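Student: Mind looking over this structure? Questions follow.
The values are calculated or read from the model by the stated rules, or taken from the named source; none is laboratory data. The structure presented is a predicted model; accordingly, all values stated were derived computationally and were not measured. With ideal geometry, Cβ positions are generated from the backbone for all residues, glycine too; neighbour counts draw on all protein chains shown.
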Amino acid sequence: MTTATNQPPPLVDYNLFAADLPLREALEREGGSWAQDMVSELGRLAGTEEAIAWGFQANSNPPQLHTHDRFGNRIDEVEFHPAWHRLMEVAISHGLHALPWRETRPGAHAARAAAFYVWSQVEGGHGCPVSMTYAALPALRNQPELAARWEPLMTSIDYDPGLRPPATKRGALFGMAMTEKQGGSDVRANTTRATPVGAGGPGGEHLLTGHKWFCSAPMCDAFLVLAQAPGGLSCFLLPRVLDDGTRNQFHIQRLKDKLGNRSNASSEIELDGAWAVMIGEEGRGVRTIIEMVNHTRLDCVIGSASLMRQAVAQATHHTAHRSAFGRLLSEQPLMVNVLADIAVNTGRASVPSPWSPRLSNATAATAMSKSRSCRASIARRRSTPSGKALAT
Ligand SMILES: Cc1cc2nc3c(=O)[nH]c(=O)nc-3n(C[C@H](O)[C@H](O)[C@H](O)COP(=O)(O)OP(=O)(O)OC[C@H]3O[C@@H](n4cnc5c(N)ncnc54)[C@H](O)[C@@H]3O)c2cc1C
């Protein structure tokens, strides 16, 4: 048996929050110091061997689609590895999907951003449904009676997976379905039709028929969906299970084979007269759903910055324990340059994270910030000596 030498010990048993001075300072500066204990607890958990293993397991055991049960009935369910559920439990129980909607103290968005930044370093894929649930509520509030019904479930810190009627659930997760084959950025090209049942209009029932080319986290309890109503492209709330317990006509065709984000399921779906309720003004669907999109874009910034931060942690740890040519790598002048470069660039990308919630009304600034940190994140993955294959 060979014993490996000159290899670093695993980077475990450290507190990701305590080790991150700029983050601690930013949280305090942005008024979120009341959340320090919660973020620190997440930081401790994120550094444990157990949580790090969940990240690896969730990515090496991707979700499985089951379109039918063994008797031939359609079920349209996706099965996740238990590690995914552990990750989700931690995220939901710490309010990463809802903290600013549960908490009236100032700085709640900053507190959530810091928590999301720390916990995403363990695994990035499960941040998708967490982020979409956080993001859906501002859009849903355009239809107050729907918000009143769903808000208690969306802000609950009980993770309660499984397709059941909303009334029987302790918590609910939300996704979004906008993108179609012929239109991604340009959702005005959407062809999914919404036929009114009765009078239609805002708050009115509709049946949706068409497809969506990209619908992530399809085991969410409900989705905000764009479809063409008689008065133009509109936003709808579409539950997976109806109040009477029957499944909505939401059929998962297949799961995407993606480059990253592998722990998370992204699906192609068909809607075959699926029951949905209109949110907000008819014909103003983009205006309505953009509030959700914008909040998820904030999390794209935070998630990318978090990935970069973890890459720096891995790189500095690795080079502090690995020798080459008679010295630790971290003492070799050219390596010092590389480490300093990635640390400075990562710091620049991370700076927006705690204050990015302030940008939530500034779509252009958010998009620019997202573009900058996503590009930098990809560049870092190419250039870091030891990119951890956890976050996606
Ligand atoms: C991991 C993942 C998960 C996703 N999950 C969901 C989901 O849950 N729900 C959902 O609805 N969608 C989802 N999407 C789809 C995503 O929203 C679309 O990919 C996105 O809107 C872009 O659309 P597209 O891929 O069709 O690209 P296109 O719209 O075809 O764009 C192609 C390229 O052209 C650029 N471009 C577009 N318009 C312009 C312009 N006017 N000027 C200059 N450049 C332009 C784009 O930036 C892009 O680089 C997901 C995508 C990914 C990768």
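Student: Would you confirm whether any residue within the range 32-54 is assigned to a loop (DSSP other than H, G, I, E, B), small (Gly, Ala, Ser) and touching a helix residue (DSSP H, G or I) at 6+ places or on another chain (Cβ under 6 Å)?
Tutor: yes
Student: Pick from Ser120, Ser156, Ser131: which is polar (S, T, N, Q), surrounded by fewer than 20 Cβ atoms within 10 Å (Cβ to Cβ) and modelled with pLDDT of 95 or more? Spell out how you get there, then give the answer.
Tutor: Numbers: Ser120 fails: surrounded by fewer than 20 Cβ atoms within 10 Å (Cβ to Cβ); Ser131 fails: surrounded by fewer than 20 Cβ atoms within 10 Å (Cβ to Cβ).
Checking each option against the conditions leaves just Ser156.
Student: Looking only at residues in the range 166-182 that are in a loop (DSSP other than H, G, I, E, B) and more than 17 Å from His251 (Cβ to Cβ), which one is nearest to the ligand (Cβ to nearest atom)?
Tutor: In this case the residue turns out to be Met178.
Student: Continuing with the same structure: Considering only the range 218-248, state which residues are under 27 Å from Thr155 (Cα atoms) and surrounded by fewer than 19 Cβ atoms within 10 Å (Cβ to Cβ).
Tutor: Once the filter is applied, which keeps residues that are under 27 Å from Thr155 (Cα atoms) and surrounded by fewer than 19 Cβ atoms within 10 Å (Cβ to Cβ), the range 218-248 yields Leu242, Asp243, Asp244, Gly245, Thr246, Arg247.
Student: Could you check Ser185 against (1) in a loop (DSSP other than H, G, I, E, B); (2) within 16 Å of the ligand (Cβ to nearest atom); (3) within 24 Å of His66 (Cα to Cα) and say which number it fails?
Tutor: Among (1) in a loop (DSSP other than H, G, I, E, B); (2) within 16 Å of the ligand (Cβ to nearest atom); (3) within 24 Å of His66 (Cα to Cα), Ser185 violates only (3).
Student: Which of the following residues is more than 15 Å from the ligand (Cβ to nearest atom) and over 23 Å from His97 (Cβ atoms): Pro239, Pro202?
Tutor: Pro202
Student: Here's a follow-up. State whether the residues of the range 113-124 include one that is in a helix (DSSP H, G or I), within 28 Å of Arg74 (Cα to Cα) and not hydroxyl-bearing (Ser, Thr, Tyr).
Tutor: Checked against the condition, which is being in a helix (DSSP H, G or I), within 28 Å of Arg74 (Cα to Cα) and not hydroxyl-bearing (Ser, Thr, Tyr), the range 113-124 yields no hits at all.
Student: Another question, then. Got at least one residue in the range 156-165 being small (Gly, Ala, Ser), under 20 Å from the mean Cα position of the chain (by Cα), within 16 Å of the ligand (Cβ to nearest atom) and not in a helix (DSSP H, G or I)?
Tutor: No, every residue in the range 156-165 fails to be small (Gly, Ala, Ser), under 20 Å from the mean Cα position of the chain (by Cα), within 16 Å of the ligand (Cβ to nearest atom) and not in a helix (DSSP H, G or I).
Student: Within the range 242-269, take every residue that is out of contact with any strand residue (DSSP E or B) (no Cβ under 7 Å at 6 or more places or on another chain) and acidic (Asp, Glu) and give me the one that is farthest from the ligand (Cβ to nearest atom).
Tutor: Asp244
Student: Take the residues of the range 270-287 that are surrounded by 22 or more Cβ atoms within 10 Å (Cβ to Cβ) and in a strand (DSSP E or B): which is farthest from the ligand (Cβ to nearest atom)?
Tutor: The extreme case among them is Met278.
Student: Could you list all residues from the range 10-41 that are touching a Pro at 6+ places or on another chain (Cβ under 7 Å), under 16 Å from Trp119 (Cβ atoms) and surrounded by fewer than 17 Cβ atoms within 10 Å (Cβ to Cβ)?
Tutor: Within the range 10-41, no residue meets the criteria.
Student: Which residue is farthest from Ala189 (Cα to Cα), if the candidates are limited to the range 206-221 and must be within 13 Å of the ligand (Cβ to nearest atom) and part of a strand (DSSP E or B)?
Tutor: Ser216
Student: Out of curiosity, is Pro129 in a helix (DSSP H, G or I) and in contact with a strand residue (DSSP E or B) (Cβ under 9 Å, 6 or more places away or on another chain)?
Tutor: yes
Student: Looking at Ile302, Ile290, can you tell me which residue is away from the ligand (no atom under 14 Å from the Cβ) and part of a helix (DSSP H, G or I)?
Tutor: Numbers: Ile290 fails: away from the ligand (no atom under 14 Å from the Cβ).
After applying the criteria, what remains is Ile302.
Student: Among the residues of the range 71-82, is any assigned to a helix (DSSP H, G or I) and farther than 25 Å from Ala311 by Cα?
Tutor: Among the residues of the range 71-82, at least one is assigned to a helix (DSSP H, G or I) and farther than 25 Å from Ala311 by Cα, which makes the answer yes.
Student: If we scan the range 316-325, do we find a residue that is more than 30 Å from His68 (Cβ to Cβ) and either assigned by TED's automatic domain parsing to the domain that holds Cys215 or part of a loop (DSSP other than H, G, I, E, B) (or both)? Steps first, please.
Tutor: Here is the first cut: in the range 316-325, the ones more than 30 Å from His68 (Cβ to Cβ) are 316-325.
The next check asks that each one be either assigned by TED's automatic domain parsing to the domain that holds Cys215 or part of a loop (DSSP other than H, G, I, E, B) (or both); those that pass are 322, 325.
Yes: one or more hits.
Student: With Asn142, Asn190 as the choices, which residue is touching a residue at least 12 places away in the same chain (Cβ under 8 Å), within 16 Å of the ligand (Cβ to nearest atom) and not assigned by TED's automatic domain parsing to the domain that holds Ala58?
Tutor: Of Asn142, Asn190, the one residue that is touching a residue at least 12 places away in the same chain (Cβ under 8 Å), within 16 Å of the ligand (Cβ to nearest atom) and not assigned by TED's automatic domain parsing to the domain that holds Ala58 is Asn190.
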